[in-house]
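*Asks:* This is the structure I have questions about; it appears just below.
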Amino acid sequence: MSALLLDGHVFAGEILAKVKIDAKALRDSGRPAHLAALIVGHAGASEVYLRNQKKACAEADVDFELHQLAETVTEPEAITELGRLNADPKVTGIILHQPLPPHIDERRMREALDPAKDVESMTPANFGRLVMGQFTIAPSTASAALEMARRARPDMTGLECVIIGHSEIVGKPLALLLLQSARNSPTVTTCHIATRDLRLHTLRADLLFVAAGVPGLVKRDMVKPGATVIDIGINRVKGADGKTRTVGDVEPGVADVAAHLSPVPGGVGPITVAVLLRNSVQLAQRSNPTR
């Protein structure tokens, strides 16, 4: 068996085609979508994501601005900057890049973010709407992973689904998204760093999402033959040649066992950027009094 590789660029292009139409309508109305990205310290793992955001915004006619604060900035200073973006009428969406330096409390920052401008749906109010099934937008990476999985497995009713990773950015919201339907949801198991015998769980999975941030964590002998595997991991590793490259959490040999596999790079990443822009445009539409 050789897995069908799920091309994220193709799926992202389909999403962005609609985003461009909506973004143009907003600009024509005199109220363009305007995304502000706030990052504290060095971009690190967010460097590629930031670069792709800026490029995609330019192509989709969405205004973009980056606010990068020094790593030594205090928490009150960071919250003040976030408050300034909240109050800026031209800013229709804000993304708070994580992780933040240890001296800044991520949850306090989320609490300070205006829910109406929260493009990642990570404020307590918006996350609560996701729990209750009353949401408009959802976290970009979790939504992108689910969009990709649905291309391979449109009907997930009763499937055994395993998520590796329970972060508030990916794992938790992904589990909530998968469980939205009262009748047609899969059976969801969430694994994490304290899970005993990870292989025991992954071998049951018809649908496996991996978001652990551990290069090559999932080996071919951990995957059920014919499973759909969505690799959400983005890791920068240095090879024997001294060059740094991007790899996922799933080793390449899994392609010999799985029916579908999302590659890294080129899988969930491009869809995540497209969903982020879709979220940004939707928030701009809601804030536009002329629509």
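*Asks:* Pick out, in residue order, every one of the GluC sites (Glu not before Pro) in region 29-89 that is DSSP loop and has at most 15 other C-beta atoms within 10 Å; say none if there are none.
*Replies:* Details: sites: GLU47, GLU59, GLU65, GLU71, GLU77, GLU81; in loops: GLU71.
Within region 29-89, the qualifying GluC sites (Glu not before Pro) (loop, at most 15 other Cβ atoms within 10 Å) are GLU71.
*Asks:* Just to confirm the number: angle between the C-alpha axis of helix 268-287 and the first principal axis of the chain, 0 to 90 degrees, nearest 10?
*Replies:* Approximately 30 degrees, to the nearest 10.
*Asks:* Of the candidates VAL62, VAL257, VAL48, which one comes out as most mobile in a Gaussian network treatment of the chain with C-alpha springs shorter than 10 Å?
*Replies:* In this elastic network of the chain, the residue with the biggest mean-square fluctuation among VAL62, VAL257, VAL48 is VAL48.
*Asks:* Then there's this: How much accessible area per residue does the chain have, in Å², with a 1.4 Å probe? Write out the running numbers ahead of the final one.
*Replies:* Numbers: 13690 Å² over 291 residues.
With the other protein chains kept in place, the chain gives 47 Å² per residue.
*Asks:* Further, regarding this structure: If you wrap a convex hull around the alpha carbons of the chain, what volume per residue comes out, as a whole number of Å³?
*Replies:* Numbers: hull volume 40.0 nm³, N = 291.
Hull volume over Cα atoms, normalised by residue count, gives 138 Å³.
*Asks:* I've got another one for you. Would you compute, from DSSP H runs of 4+ residues alone, the mean residue ellipticity of the chain at 222 nm, taking -39500 (n - 2.57) per run and dividing by the full residue count, rounded to the nearest 500?
*Replies:* On the way: 9 runs with 110 residues, N = 291.
Helix contribution divided over all residues of the chain: -12000 deg cm²/dmol.
*Asks:* Relative to the first principal axis of the alpha-carbon coordinates of the chain, what is the inclination of helix 47-60, with its axis defined by its Cα atoms, in degrees from 0 to 90 and to the nearest 10?
*Replies:* Approximately 60 degrees, to the nearest ten.
*Asks:* Let me ask you something else. Identify all lysines with a Cα-Cα distance to LYS90 below 25 Å; exclude those on the same chain that are fewer than 8 residues away in sequence.
*Replies:* Answer for LYS90, where 25 Å is the Cα cut-off: LYS18, LYS20, LYS24, LYS54, LYS55, LYS117, listed by chain and number.
*Asks:* Further question: Show log10 I(q)/I(0) for region 111-239 at q = 0.20, 0.23 Å⁻¹, two decimals, from a solvent-free Debye sum over equal Cα scatterers.
*Replies:* Ignoring solvent entirely, the Cα scatterers give -1.16, -1.41.
*Asks:* While we're here: Can you give the accessible area of LYS24, probe radius 1.4 Å, in Å² rounded to 10?
*Replies:* 110
*Asks:* For region 205-291, which whole-number percentage of the solvent-accessible area (1.4 Å probe, protein heavy atoms only) is attributable to carbon and sulfur atoms? Don't jump to the answer; show the numbers that get you there.
*Replies:* On the way: 1840 of 3490 Å².
Result for region 205-291: 53 percent of the exposed heavy-atom area is carbon or sulfur.
*Asks:* Magnitude of the Cβ-charge dipole of region 121-230, K/R +1 and D/E -1, about the Cα centre, nearest 20 debye?
*Replies:* Numbers: 12 positive and 7 negative charges, 24 e Å.
The dipole magnitude comes to about 120 debye.
*Asks:* Which residue, SER143, LEU85, VAL162, has the largest displacement toward the positive end of the dipole of region 55-167 when charges sit on each Cβ (Lys, Arg +1; Asp, Glu -1)?
*Replies:* Looking along the dipole axis, the top candidate is VAL162.
The values are calculated or read from the model by the stated rules, or taken from the named source; none is laboratory data. As the structure is a computational prediction, the values presented were derived from the model and not from experiment. Don't worry about glycine lacking a Cβ; one is built from the backbone with ideal geometry, like all the others, and counts go over all protein chains shown. Note: accessible area is taken over every heavy atom of the protein model, side chains too, but ligands, DNA and RNA are not part of it. Shrake-Rupley method; radii C 1.70, N 1.55, O 1.52, S 1.80 Å.
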